[in-house]
1. Tell me the per residue accessible area of region 251-383 using a 1.4 Å probe; a whole number in Å² is fine.
2. Please state the charge dipole magnitude for region 231-318, taken about the Cα centre, from unit charges on C-beta atoms (+1 on K and R, -1 on D and E), reported in debye and rounded to the nearest 20.
3. Evaluate the distance, in nm, between pseudo-label points positioned 7 Å from the Cα of Asn380 and of Asn334 along their respective Cα→Cβ axes.
4. When the expected Rg is taken as 2.2 N^0.38 Å, what fraction or multiple of it is the alpha-carbon Rg of the chain?
5. Taking the Cα centre of the chain as the origin and placing charges on Cβ (Lys, Arg +1; Asp, Glu -1), which of Tyr350, Gly259, Ile97 is farthest toward the positive end of the dipole?
6. Can you give me the C-alpha center-to-center distance between region 149-174 and region 199-218, rounded to a whole angstrom?
7. Could you check the simple spin-label distance between Tyr205 and Lys173, using points 7 Å along Cα→Cβ, in nm with one decimal?
8. How high is the FRET efficiency from Arg104 to Leu69, r the C-beta distance, R0 25 Å, rounded to 0.05?
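The values are calculated or read from the model by the stated rules, or taken from the named source; none is laboratory data. Every value quoted in this text rests on a predicted model; they were computed, and no experiment measured them. A quick note on method: Cβ atoms are made from the backbone with ideal geometry, for glycine too, and the neighbour counts reach across all protein chains shown. To get the accessible areas, we keep the full protein, side chains included, count just its heavy atoms, and leave off ligands, DNA and RNA. Shrake-Rupley method; radii C 1.70, N 1.55, O 1.52, S 1.80 Å.
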Amino acid sequence: MMFTLIHQDKTSKARLGKLAVAHGEINTPCFMPVGTQGTVKALSPQELENSGAQIILSNAYHLFLRPGLEVIKKAGGLHNFMSWQKPILTDSGGYQIFSLALLRKVSDEGVSFQSHFDGLKHFFTPQDVISIQQDLGSDIVMPLDECVHYPCAKDQAEVAMKRTIDWARRSKKALGSQFSVFGGHRTPDTEHRELLFGIVQGATYEDLRKTCAERLIEIGFDGYAIGGVSVGEPQNLRYNIAEFVSRLLPQESPRYLMGVGTPEDLLEAAGTGIDMFDCVVPTRYGRNGTAFTSIGKLTVRNALFSQDYKPLDPSCDCYACRNFSRAYLRHLFNTEEILGLRLVSLHNIYFYLQLMQKVREAIRQDRFMAFKKEFLSNYNKEG
Ligand SMILES: [Zn+2]
């Protein structure tokens, strides 16, 4: 079994699991730091590992454009190229094509677009996108999907959802075709077996989400992702979608909520049975000088901290909190020293990974809801 359900929390739908992929095992629920360009911004792979990262996310669209597949293939794949030997999930870049690329044109065949930075024209079929991720040596591969923005008219959302299903089917076929000797699906102990997740789309329409989930389950994937969230919708709508789709997905498969979110989002969704998360928030906020702490968000530049010699978060034991004061970090940000954004990024990633560690422990002890309540009451105290 590549995904093992270890324990079901008795106070919520939260679950403890273990996902085995080619480069190692991942305890779930997990948070995946985002390394879009083959680097988690401002952090070394060693710092990530020391912070407890078990898997990171990278992006096929960005790496295909720069440095290009040849460069990464010659390095022996993305793991070697970036010197990270633990699991990597690659996003297909569907979301980036729909949000960044210029002059895109979608057809049932695939999507043509112009690169957002040099204007060169490209055409991706779903099969191309699988092949790119195989070249990268990804552990978990995401199919090309069509993302829509919020709000989106229902007929438009339906077309995108149906196309997403069709592309998912073709992606599975593309992934399996090289290994037809195993009857189209490789055995879990095959060395470089990558997992393929199906992505549930359907915007904010429950009937579309339901149809999409049902069709994807019929086709059969190694895991299921909920896409098209964090695209500008209000928080309660995001929670509703996550909960609604999570209920439709098979118990025995990992569930991944794409691009979410804040600590509150993670707790809310983990409570509905989501197993995997990724988000740029901890590193992006870190570079801007906002720290996530057990008592809420803290703006490092705040004049209040000019002579505050406490660590960012007194209850955190990351390298930044063990060694530096708020006053010093504030000074680094005010003088635009690189170390400042590195330390706050490091703290934020550590904070997120520790939060997931605590979530897993709480599930194990059947006290997820109590943990969530306690965490949020501290977190919102100084909000
Ligand atoms: Zn810290």
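1. Details: 5800 Å² over 133 residues.
Per-residue accessible area for region 251-383 comes out at 44 Å².
2. Dipole size: approximately 320 debye.
3. Each label point lies 7 Å from its Cα, and together they span 3.4 nm.
4. Working: Rg = 20.6 Å, N = 383, 2.2 N^0.38 = 21.1 Å.
Dividing the Cα Rg of the chain by 2.2 N^0.38 Å gives 0.98.
5. Comparing the listed Cα positions along the dipole, Tyr350 ranks first.
6. 9 Å
7. In this crude label model, Tyr205 to Lys173 measures out at 2.5 nm.
8. Values: r = 20 Å, r/R0 = 0.82.
For Arg104 and Leu69, the calculated efficiency is 0.75.
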